[in-house]
Amino acid sequence: MAAIDGLPPLRDVIATHGLSARKALGQNFILDLNLTARIARSAGKLAQSDILEVGPGPGGLTRGLLAEGARKVVAVEKDARCLPALAEVAAHYPGRLEVIEGDALTVDLSGRLAPPVRVVANLPYNVGTELLIRWLTPPEWPPFWTSLTLMFQREVAQRITAQAGDDAYGRLAILAQWRATPRVVLELPPDAFVPPPKVSSSVVHLDALPEPRFPARLKTLERVTAAAFGQRRKMLRASLRGLAPDIEAHLGAVGIPPTERAERVSLEAFCALARSLDAND
Ligand code: SAM
């Protein structure tokens, strides 16, 4: 029997094309098309957007995006075994799905996507985090994307959305909240996936800010937070000593007690400290 979108159910697609999940590629597939449609809807206005999907696999999320009305989907998949299944999806939605066989970390997408671009992905954890950092740190801001909707292990989602004072607060929270507004839009138990991973997952949606939330130079903010959170249990006057001989004066000038620890300092205060250090250069 066909699924709600008229294509075969994903279990049949996987059986027909021999897509047994490979651990090395971080393959945990979502087979429930109601769930992939929900994830697709959490990405925002699809009808007016081009979507970059990374890691479509057998195409569950891709089908969700297309059924929910995405203007166009460009999908980058590393596993060539998935291409015939994705070609069937492309044939079902003429002119709306372009599949690229490649590695999302190295693929060149120039000229393929028209703004506004929304990125949607259910990726292996390590690839997802690396891509998130790249998407948040392009040479120019605003970036090519309007929003990112990404699946992470719950623990990583907490690191992205944590506030000062939370255990999970650190460099990822600072970077993500400096340039975007991240929020968890969906929590998924392990049994939402085939095969089930060991831990729960969360879908995080990030809307890009037109300008960073507070002024600062990216390089300086990264230097400050790397030093501060590299030794997160130390007082800032010690962990940041290498950045400037008069670090205590800088901390004082922006209202951060020199005895404070990184995990209690707000994003706004870190940006003020970065500006103060740059004013001296
Ligand atoms: N989107 C599908 C779903 O939700 O069921 C598959 C998700 S599965 C967790 C991750 C997918 O990313 C796999 O299809 C895997 O082959 C692909 N993948 C892994 N590393 C990749 C990379 N560097 N570039 C592109 N795709 C990658």
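Miscellaneous remarks
- Between Met1 and Thr16, full extension at 0.36 nm per residue minus the direct alpha carbon distance yields a gain of 4.0 nm.
- Cα-based shape type of the stretch 75-143, given that a ≥ b ≥ c are square roots of the gyration tensor eigenvalues and the cut on a/c is 1.5: oblate
- Under 5 Å from the amide H of Ser201 lie the amide H atoms of Arg154, Leu188, each residue being 5 or more positions distant or on a separate chain, with H modelled from the backbone and absent for Pro and chain starts.
- Lys pairs under 30 Å by Cα in the chain, provided they are eight or more residues apart or on distinct chains: 7
- Residues in the stretch 204-215 carry Karplus couplings, in order, of 10, 10, 10, 8, 5, 7, x, 9, x, 4, 9, x Hz; the curve used is 6.51 cos²θ - 1.76 cosθ + 1.60 with θ = phi - 60°, and Gly or Pro positions show x.
- Dipole orientation for the chain: of the candidates Ala262, His17, Ala90, Ala262 has the Cα lying most toward the positive pole (charges on Cβ; Lys, Arg +1; Asp, Glu -1).
- Solvent-free Debye scattering, log10 I(q)/I(0), computed from the Cα coordinates of the stretch 10-208 at q = 0.10, 0.12 Å⁻¹: -0.38, -0.55
- log10 of Debye I(q)/I(0), alpha-carbon scatterers only, for the stretch 218-280 at 0.26 Å⁻¹: -1.18
- The chain: calculated mean residue ellipticity at 222 nm from DSSP helix runs of at least 4, using -39500 (n - 2.57): -10000 deg cm²/dmol
- Legend: calculated FRET efficiency, Arg232 to Gln48, from the Cβ-Cβ distance at R0 = 45 Å, rounded to 0.05, equals 0.60.
- Rounded, prolate or oblate (a/c below 1.5 giving rounded, otherwise prolate when a/b exceeds b/c) for the stretch 173-236 by Cα gyration tensor: oblate
- When only alpha carbons are used to place a centre, the stretch 197-245 and the stretch 24-85 end up 31 Å from one another.
- For the stretch 10-208, the relative contact order comes to 20 percent (Cα pairs under 8 Å, sequence separation of at least 6).
- Residue by residue, the stretch 42-54 carries 3J(HN,Hα) couplings of 6, 7, x, 6, 7, 4, 9, 10, 8, 10, 9, 9, 9 Hz when phi is fed to the Karplus relation 6.51 cos²θ - 1.76 cosθ + 1.60 (θ = phi - 60°); x denotes Gly or Pro.
- Stretched out straight at 0.36 nm per residue, the stretch from Thr259 to Arg213 would grow longer than its current Cα-Cα span by 14.0 nm.
- Distance-filtered residues of the stretch 260-281 - backbone nitrogen under 15 Å, label point 7 angstrom along Ala164 Cα→Cβ: 260-276
- Net dipole in debye of the stretch 10-208 [+1 Lys, Arg Cβ; -1 Asp, Glu Cβ; about Cα centre; nearest 20]: 180
- Annotation for the stretch 122-182: GluC sites (Glu not before Pro) lying in DSSP loop with at most 12 further Cβ atoms inside 10 Å of their Cβ are Glu140.
- Projected label distance in nm at Lys198 and Ala87, using a 7 Å step from Cα toward the beta-carbon: 3.8
- Three-way shape call for the stretch 105-255 based on the alpha-carbon gyration tensor, with the a/c threshold at 1.5: oblate
Every number in this text was worked out from the coordinates using simple rules, so none of it is lab data. The structure displayed is predicted, hence computed values, not measured ones. Don't worry about glycine lacking a Cβ; one is built from the backbone with ideal geometry, like all the others, and counts go over all protein chains shown.
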